[in-house]
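J.: Handing you a structure now.
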Amino acid sequence: MRPLGGVLNFQAAKVPVGRSVAKNIDLASVFALESYGNYTVYAVVTLPTGESFQSARNSFTVTKGRTIYEQRVGLGKKARDYRLITFAPANKSYLYFQAELVDQGRVAITYPIGEILVFRKPQATVDKAGDLHALYLAAPDRYMHIRIDSQGRLAEKKIYKRGAVGDPRLVAFADGEVQVAGGILHDAKKQAAQRAKIRKISERPSALFN
């Protein structure tokens, strides 16, 4: 495939003697990977002397998942289609976020959010700031609330548990604000502190048990 910007030319990397260097590259930013199918990728490293080495080939598949939510945000050339997609490569299902630029007809970003239990339908809505809120079942006793900002970045991630009045739910107010209601916010630090207060059996007073 031809790179989107012509010839690929990444910045040089210095590798200390006896060490290794890792570099992450977003393939979707340099190649048009909109078409579904199987792809093969490899890297070519060129030394300052001009000598080149080719890495082993690796394969990946671009496939269409199941769209469970879609909402258009903005107008005209700034309009974007937000999608929540589920994909189950094996015996687990994963939730993905995707944003498409409407005027260009091009998917700008797709990334995984986390594992999802699909027997409970996720809830999603967009707030007044153009942020996407989603609430989904991540474990039998745990709901995940995520907020993706208008730039497509995962801005917030919170865990909720079932409350006294039932499962947590997303509530959209008339002023465009979105909140989670009906659940209990899971505070990992608070629970760890409570567990630390529990006395161990080994700490029992010897006068009572001996």
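The values are calculated or read from the model by the stated rules, or taken from the named source; none is laboratory data. Quantities reported herein were computed from a predicted structural model and do not represent experimental measurements. Please note: Cβ atoms are built from the backbone with ideal geometry, for glycine as well, and neighbour counts cover all protein chains shown. Remember, those area values only see protein heavy atoms, side chains included, never the ligands or the DNA or RNA. Shrake-Rupley method; radii C 1.70, N 1.55, O 1.52, S 1.80 Å.
J.: Any chance the range 97-104 includes a residue that's over 29 Å from M144 (Cβ atoms) and modelled with pLDDT under 90?
T.: The first filter runs over the range 97-104 and keeps only residues over 29 Å from M144 (Cβ atoms), leaving 103-104.
Checking which are modelled with pLDDT under 90 leaves us with 103-104.
Yes, there is a match, as at least one residue in the range 97-104 is over 29 Å from M144 (Cβ atoms) and modelled with pLDDT under 90.
J.: If we keep just the residues of the range 60-112 that are surrounded by fewer than 14 Cβ atoms within 10 Å (Cβ to Cβ) and of a type in the set (D, E), which is farthest from S35 (Cα to Cα)?
T.: Restricting to residues being surrounded by fewer than 14 Cβ atoms within 10 Å (Cβ to Cβ) and of a type in the set (D, E), the top hit is E70.
J.: Residues in the range 9-34 that are closer than 29 Å to S93 by Cβ, open to solvent by less than 70 Å² (accessible area, probe 1.4 Å), in a loop (DSSP other than H, G, I, E, B) and out of contact with any helix residue (DSSP H, G or I) (no Cβ under 8 Å at 6 or more places or on another chain): how many? Quick ask: steps written out before the conclusion?
T.: If we filter the range 9-34 for residues that are closer than 29 Å to S93 by Cβ, which is where we start, we get 24-29, 31-34.
Now restrict to residues that are open to solvent by less than 70 Å² (accessible area, probe 1.4 Å): 27-28, 31-33.
Now restrict to residues that are in a loop (DSSP other than H, G, I, E, B): 31-33.
Applying the additional criterion that residues be out of contact with any helix residue (DSSP H, G or I) (no Cβ under 8 Å at 6 or more places or on another chain) yields 31-32.
Residues in the range 9-34 being closer than 29 Å to S93 by Cβ, open to solvent by less than 70 Å² (accessible area, probe 1.4 Å), in a loop (DSSP other than H, G, I, E, B) and out of contact with any helix residue (DSSP H, G or I) (no Cβ under 8 Å at 6 or more places or on another chain): 2 in total.
J.: Does the range 35-54 contain at least one residue that is touching a helix residue (DSSP H, G or I) at 6+ places or on another chain (Cβ under 9 Å) and surrounded by 11 or more Cβ atoms within 10 Å (Cβ to Cβ)? Steps first, answer last, please.
T.: Applying the first criterion (touching a helix residue (DSSP H, G or I) at 6+ places or on another chain (Cβ under 9 Å)) to the range 35-54 yields 39, 41.
Next, from what is left, pick out any that are surrounded by 11 or more Cβ atoms within 10 Å (Cβ to Cβ): 39, 41.
Yes; the residues of the range 35-54 include at least one that is touching a helix residue (DSSP H, G or I) at 6+ places or on another chain (Cβ under 9 Å) and surrounded by 11 or more Cβ atoms within 10 Å (Cβ to Cβ).
J.: Of everything in the range 136-161, what is hydrophobic (A, V, I, L, M, F, W, C), more than 16 Å from R83 (Cβ to Cβ) and crowded, with 16+ Cβ neighbours inside 10 Å? Give them in sequence order. If you could, list the steps in order and put the result at the bottom.
T.: Just the residues of the range 136-161 that are hydrophobic (A, V, I, L, M, F, W, C), to begin with: 137-139, 144, 146, 148, 154-155, 159.
Of the ones still in play, those that are also more than 16 Å from R83 (Cβ to Cβ) are 137-139, 144, 155, 159.
Listed by number, the residues that qualify are L137, A138, M144, I159.
J.: Follow-up question, since we're still on this one. Considering only the range 109-132, how many residues are without any contact (Cβ under 8 Å) to a residue 40 or more places away in the chain and among the β-branched types (V, I, T)?
T.: Residues meeting the conditions: 2.
J.: A further question follows. Checking M1 against (1) over 30 Å from D131 (Cα atoms); (2) exposed (fewer than 10 other Cβ atoms within 10 Å of the Cβ); (3) not basic (K, R), only one condition comes out false. Which one?
T.: Here M1 meets the rest and fails (2).
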